[in-house]
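The values are calculated or read from the model by the stated rules, or taken from the named source; none is laboratory data. As the structure is a prediction and not an experimental result, all values here were calculated from the model. Cβ: placed from backbone, ideal geometry, glycine included. Neighbour counts: every protein chain shown. Accessible surface is based on the protein model in full, side chains and every heavy atom, while ligands, DNA and RNA are left aside. Shrake-Rupley method; radii C 1.70, N 1.55, O 1.52, S 1.80 Å.
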Amino acid sequence: MITTDNNANRQPDAFAELEQGVHAALETYSNVHRGSGHNSIVSTNLYEQARDIVLEYLGLPGNRYVVIFCSPRRAAALGALLGPGKYQVVSSSDIGLPLGIRALAVKKRALPRGIPFQTGGGTTRIIAPDWAIWANAPDRFEAGTPAIINVIAFARALSLTRQHGKDIFKGPQTGKLSATDILYRDDMEKYTGQELLDALRQTLIGRSMKVPTTEGLKPYINFDNSASTPTFTPVWDAVRRTWRQSPQVQQEIIREVRPLVAGFLGAPLASYDVIYTSNTTEAINLAAENLSREDDKETETVLLTTILEHSSNDLPWRTATRYPLIRLSIDNEGFIDLNQMETLLRDYNQEYRYGKKRIRLMAVCGASNVLGVFNNLEEISRIVHKYGAQLLVDAAQMVAHRKINIEECGIDYLAFSAHKIYAPFGCGVLVARKGLLSFSPEEMELIRTSGEENTGGIAALGKAIVLLQRIGMDLIRKEEQALTGRILRGMAQVEGITVYGIRDPDSPTFARKGGVIVFAMKGLMSDSLARKLALEGGIGVRYGCHCAHILIKHLVGVSPSLEKFQRLMATLIPAIKFPGLARVSLGIGNSE
Ligand SMILES: Cc1ncc(COP(=O)(O)O)c(C=O)c1O
């Protein structure tokens with residue numbers, strides 16, 4: 001009998017299979033390793049399984065090799081440190097996918113010791129103002145939030161290529177679209193403002209997921225948006241459509257998103273460079289590397305920062321520049337003292353009280369990931385520039401929540417991550433005033449191509465910005481403030497809860513508070529509290545030190561002698577946990 005089945009020899013739609021797997025991962029998406037909720041546990045498992053899939057793909061044994069996921073530029077840096085023969089690498093570009101992922105399978109014995117080549121969140125176990133205990137591999141070499149979904153997508157794609165052939169993602173694809181179609185066209189076009197926000201919430205991926213609790217399955221309540229945000233169908237559509245496009249259309253997307261970012265942040269491209277990275281941490285490491293090269297023989301550089309900072313805006317300044325850091329303290333609500341800041345700048349840069357020492361740069365967060373306070377960037381910028389210093393803003397916790405205008409504010413550098421603005425596909429951004437970056441043309445090319453290889457992530461970032469702009473940042477601010485006020489009022493009724501920072505929704509400073517609330521419960525360690533919320537309520541929060549050890553120790557009152565003891569304990573008992581706080585953090589996916 002002659003078969004007429006036209007499908008008999010047809011290639012499976014590899015992209016459809018890949019998308020199905022990634023969509024499933026997005027339904028339970030959360031940050032890895034540190035969240036308490038069900039989704040964080042699932043995402044962590046998937047992310048860690050990706051390492052096994054890479055080892056299997058390369059035919060390497062897990063007892064002798066460790067897999068490190070990184071951006072192309074980090075892979076080049078780590079590869080140079082390791083030298084030939086010490087590792088094998090497999091790239092998303094090898095299999096025709098624009099994910100910007102390199103998986104390095106490194107011989108455990110060959111792993112470099114000492115300070116990692118890039119530092120920030122996740123690279124340490126414990127941090128004090130003048131020392132750090134570094135994490136083990138692979139975390140030590142994966143600074144900042146990894147490109148979790150891209151890594152999962154990559155691992156899934158590797159498995160698919162093993163089943164169906166290595167070229168299944170290569171060659172012309174069906175469904176050619178333009179950058180405009182991908183970035184601007186969607187089912188939500190007819191809506192703006194509140195209507196759009198309401199419609200978009202219906203498309204939150206994972207919205208209808210239920211999670212196991214001690215009382216059976218319950219809807220998942222995501223109160224861990226500061227760690228990473230889930231995504232919405234239009235953003236995911238932009239990603240999967242981008243994966244299928246030709247290199248020409250991908251270039252169009254890269255070109256189109258740059259002015260979108262610039263417009264959203266008020267950083268005209270005539271005056272600012274917009275550089276794609278893999279996360280905020282990589283962006284700040286770049287800025288720190290850049291500063292370390294501008295050696296001025298006449299002066300000695302000192303850097304100014306605050307105790308509020310996430311370790312991604314603290315460690316790179318210590319490790320990449322090695323310049324001394326002065327950290328401004330905070331008041332009970334979490335605000336730095338601008339008079340103290342001005343006095344320091346005047347003493348160093350105008351009255352030369354410290355000889356050749358000059359404050360070259362102030363590195364400060366736009367908003368704290370622990371206390372949720374928004375810094376007064378206009379005023380900080382005015383003072384910093386009055387004394388001839390530069391300003392870097394770590395805007396990781398700001399961009400999704402408040403309007404920013406880089407040019408009006410006079411910001412010199414700004415860094416943020418797309419995974420905190422509903423686009424969790426491994427893209428970060430460094431905005432730098434033109435003329436400040438002094439990398440060689442070859443280095444600049446590596447920096448550029450490293451970020452631009454993740455076209456899917458760039459498309460997601462662009463699409464998320466389009467949607468946020470259509471909703472309006474003022475509306476987002478109002479919604480988040482209303483919810484924050486409601487939660488704070490509710491918490492005030494619960495006996496035994498201590499909220500840190502601004503806790504009164506009627507106080508004049510409440511306008512400067514975002515949807516981030518840290519708290520402790522009498523008699524419970526933060527990890528037990530977080531576990532209880534997950535197990536009994538299906539609620540995902542973050543616990544511990546939030547990659548802001550210096551601040552958490554300040555808040556919970558760890559004295560210098562106790563800190564020394566902690567160091568000893570951390571060395572003796574690697575798995576030991578230290579006092580921390582639980583954190584609720586909101587995003588536009590949360591509503592009344
Ligand atoms: C204030 C702040 N800065 C920097 C970072 C680092 O961002 P990423 O992990 O995306 O590099 C975070 C992440 O939690 C943050 O909250």
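What to note about this one:
- Residues being open to solvent by 60 Å² or more (accessible area, probe 1.4 Å) and either within 16 Å of the ligand (Cβ to nearest atom) or more than 27 Å from K532 (Cβ to Cβ) (or both) - total across segment 201-211: 1
- Here L377 fits the description: of a type outside the set (F, W, Y), in the same structural domain as A283 (by TED's automatic domain parsing), under 30 Å from A582 (Cβ atoms) and more than 11 Å from the ligand (Cβ to nearest atom).
- Condition met for A432 (within 30 Å of W243 (Cβ to Cβ) and either in a loop (DSSP other than H, G, I, E, B) or more than 12 Å from the ligand (Cβ to nearest atom) (or both)): yes
- Residue check for N31: among the polar types (S, T, N, Q) and outside any helix (DSSP H, G or I): yes
- Strands (runs of 3 or more DSSP E) wholly inside segment 212-326 that include at least 1 residues being open to solvent by less than 10 Å² (accessible area, probe 1.4 Å) and either within 16 Å of the ligand (Cβ to nearest atom) or touching a strand residue (DSSP E or B) at 6+ places or on another chain (Cβ under 9 Å) (or both): 272-277, 300-306
- Residues in segment 560-575 that are open to solvent by 50 Å² or more (accessible area, probe 1.4 Å) and free of Cβ contacts under 8 Å to residues at least 60 places away in the same chain: P560, S561, L562, K564, F565, L568, L572, I573, A575.
- Which numbered condition I330 fails, given (1) within 19 Å of G144 (Cα to Cα); (2) within 15 Å of the ligand (Cβ to nearest atom); (3) touching a Leu at 6+ places or on another chain (Cβ under 9 Å): (1)
- Any hit, segment 436-445, residues being part of a loop (DSSP other than H, G, I, E, B), within 16 Å of the ligand (Cβ to nearest atom) and either without any contact (Cβ under 8 Å) to a residue 24 or more places away in the chain or open to solvent by 10 Å² or more (accessible area, probe 1.4 Å) (or both): no
- Hey, D198 open to solvent by 40 Å² or more (accessible area, probe 1.4 Å) and in the same structural domain as Y57 (by TED's automatic domain parsing) or not: no
- If you check M525, M521, M491 for being surrounded by 15 or more Cβ atoms within 10 Å (Cβ to Cβ), aliphatic (A, V, I, L, M) and within 29 Å of I421 (Cβ to Cβ), only one passes: M491.
- When we screen L82, L78 for residues that are out of contact with any His (no Cβ under 8 Å at 6 or more places or on another chain), open to solvent by less than 10 Å² (accessible area, probe 1.4 Å) and more than 16 Å from the ligand (Cβ to nearest atom), the only hit is L78.
- Selection from segment 528-543 of residues that are open to solvent by 50 Å² or more (accessible area, probe 1.4 Å) and hydroxyl-bearing (S, T, Y): Y543
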